[in-house]
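Colleague: Sharing a structure with you now.
The values are calculated or read from the model by the stated rules, or taken from the named source; none is laboratory data. Note that this is a predicted model, so its numbers are computed, not measured. Cβ placement follows ideal geometry from the backbone for every residue including glycine, while neighbour counts extend to all protein chains displayed. Areas reflect the complete protein model, heavy atoms only, side chains present, ligands, DNA and RNA absent. Shrake-Rupley method; radii C 1.70, N 1.55, O 1.52, S 1.80 Å.
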Amino acid sequence: MNPVTVSSPAKVNLFLAVTGRRVDGYHDLVSVVAPLDFGDELRAQPAPEGFTLDCDRPEVPVDESNLVLKAARAYAAATGWRGGAHFSLTKRIPLGAGLGGGSSNAVAALRALQQLAGGLLPAAKLAEVAAGLGSDCALFLGNTPVVMRGRGERVDALPEAAMRRLRGRRVLLFKPGFAISTPWAYGRMIARGTDYLPAAEAEARLAAWMDGTGPAEDLLLNNMEAAAFEKFVALPLLLAKLRAETGVAVRMSGSGSACFALLGEDQVTAPLVARIHECWGPGAFVQEARLL
Ligand code: C5P
């Protein structure tokens, strides 16, 4: 059987309202998330049995802690499939960035195995297995912007008119040399206690945008920023400069540390890129992409 190669997109949270803590230790949220035309690539080579992984980037763990292998085991458990695969991951999405790289890789592994095994999992069961692997996994099952609720596992399509205001938009992703751990960021929200946006307010803001005609810029929100910005002051300093100098709409994505700017179709990125490298150093990650 031939190997299969699947793309594994990054995502940005255009709207992220963490609304409160849950009894299971997670947080409830309301978020509009868009996958991007930029991401990793996962190749699955059929093997007689067992699952193994290699990656072109040495900082990526290739042991059982990697979500690709967790996803493969979950797939085998859910279907009873007895085959195996060797996965090769081409990593482009930075780690600890809030760009969903690990979650996206997990869903890519499920997709690749669906192809190798002949589609053994019905769509509803695939969604259940994906949600079990991580809060951000379910959003990667489709290739369109979606609304996430619950801890992230409940995914709804956006109304067509709202979707049209997002799809194809140009974005500039940029990340400093440091990462932010998602559990740390949520931990800081708990400690601060003042950043939550009540669910009714979050839903009202989202509904107002969906019912209106405003562009993606009017939707942007992330109430995880305050917790991250308190410690990592390089983030708000650069975002404020970019806003003031170029007028772009900028936000942190998810729990950070990556941020993004919404770009106009004809906008020249050189001044933004120059400012990013000046503030965060020549090693800062910068990547242009489009919302899928
Ligand atoms: O589900 P996932 O493994 O991606 O979540 C990583 C960590 O982020 C969780 O252990 C939890 O601390 C935090 N989290 C949360 N609420 C969410 C998603 C993640 O508190 N909705």
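Colleague: Among the residues of the stretch 122-153, which ones are surrounded by fewer than 17 Cβ atoms within 10 Å (Cβ to Cβ), within 11 Å of the ligand (Cβ to nearest atom) and either charged (D, E, K, R) or within 24 Å of THR213 (Cα to Cα) (or both)?
Modeller: none
Colleague: Taking the stretch 154-195 on its own, how many of its residues are open to solvent by less than 10 Å² (accessible area, probe 1.4 Å) and within 16 Å of the ligand (Cβ to nearest atom)?
Modeller: Final tally of qualifying residues: 3.
Colleague: Please list, ordered by first then second residue, the pairs with beta carbon atoms under 9 Å, 6 or more apart or interchain, first in the stretch 28-42 and among the aromatic types (Phe, Trp, Tyr), second part of a strand (DSSP E or B) and open to solvent by 10 Å² or more (accessible area, probe 1.4 Å).
Modeller: From residues that are among the aromatic types (Phe, Trp, Tyr), the pairs are PHE38/PRO9; PHE38/GLN287; PHE38/GLU288; PHE38/ARG290.
Colleague: Specify the residue that is nearest to GLU288 (Cα to Cα); the eligible residues are those in the stretch 16-58 that are away from the ligand (no atom under 16 Å from the Cβ) and among the charged types (D, E, K, R).
Modeller: Restricting to residues being away from the ligand (no atom under 16 Å from the Cβ) and among the charged types (D, E, K, R), the top hit is ASP37.
Colleague: Oh, and also: Please go through the stretch 249-275 and give me each residue that is touching a residue at least 40 places away in the same chain (Cβ under 8 Å) and more than 21 Å from GLY100 (Cβ to Cβ), ordered by number. Step through it out loud before you land on a result.
Modeller: Taking the stretch 249-275 and keeping what is touching a residue at least 40 places away in the same chain (Cβ under 8 Å), we get 251-265, 267, 269, 272-273.
Result: GLY264, GLU265, GLN267, THR269, LEU272, VAL273.
Colleague: So, one more: Condition first: open to solvent by 20 Å² or more (accessible area, probe 1.4 Å) and either touching a Pro at 6+ places or on another chain (Cβ under 8 Å) or within 22 Å of ARG154 (Cβ to Cβ) (or both). Now tell me which residues in the stretch 88-102 satisfy that.
Modeller: Listed by number, the list holds a single entry, GLY102.
Colleague: Taking the conditions exactly as written (of a type in the set (A, V, I, L, M), under 15 Å from PRO46 (Cβ atoms) and touching a Gly at 6+ places or on another chain (Cβ under 7 Å)), does LEU120 satisfy them or not?
Modeller: Working: of a type in the set (A, V, I, L, M): yes; under 15 Å from PRO46 (Cβ atoms): yes; touching a Gly at 6+ places or on another chain (Cβ under 7 Å): no.
Here the answer is no, as LEU120 does not meet what is asked.
Residue by residue, here is whether (1) closer than 18 Å to PHE38 by Cα; (2) over 17 Å from the mean Cα position of the chain (by Cα); (3) among the aliphatic types (A, V, I, L, M) holds:
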| site | (1), (2), (3) |
| --- | --- |
| ALA72 | no, yes, yes |
| ALA78 | no, yes, yes |
| ARG82 | no, yes, no |
| LEU99 | yes, no, yes |
| VAL107 | yes, no, yes |
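Colleague: Additional query: Given (1) in a helix (DSSP H, G or I); (2) open to solvent by less than 10 Å² (accessible area, probe 1.4 Å); (3) within 15 Å of the ligand (Cβ to nearest atom), where does ASN13 come up short, assuming only one miss?
Modeller: In the conditions (1) in a helix (DSSP H, G or I); (2) open to solvent by less than 10 Å² (accessible area, probe 1.4 Å); (3) within 15 Å of the ligand (Cβ to nearest atom), ASN13 misses (1) alone.
Colleague: Using the structure shown, decide if TRP209 is in the same structural domain as CYS259 (by TED's automatic domain parsing) and either farther than 27 Å from GLU128 by Cα or within 16 Å of the ligand (Cβ to nearest atom) (or both). Even if it seems obvious, please write down each step before you answer.
Modeller: On the way: in the same structural domain as CYS259 (by TED's automatic domain parsing): no; either farther than 27 Å from GLU128 by Cα or within 16 Å of the ligand (Cβ to nearest atom) (or both): yes.
The answer is no for TRP209.
Colleague: Which of the residues spanning the stretch 83-136 are at positive phi and either hydroxyl-bearing (Ser, Thr, Tyr) or free of Cβ contacts under 8 Å to residues at least 12 places away in the same chain (or both)?
Modeller: Listed by number, the residues that qualify are GLY118, GLY119.
Colleague: Also, I was wondering about something else. I'm trying to understand the selection: among the residues of the stretch 253-272, which are within 22 Å of the chain's Cα centre (by Cα) and within 17 Å of LEU237 (Cβ to Cβ)?
Modeller: Those that are within 22 Å of the chain's Cα centre (by Cα) and within 17 Å of LEU237 (Cβ to Cβ): GLY256, SER257, ALA258, CYS259, PHE260, ALA261.
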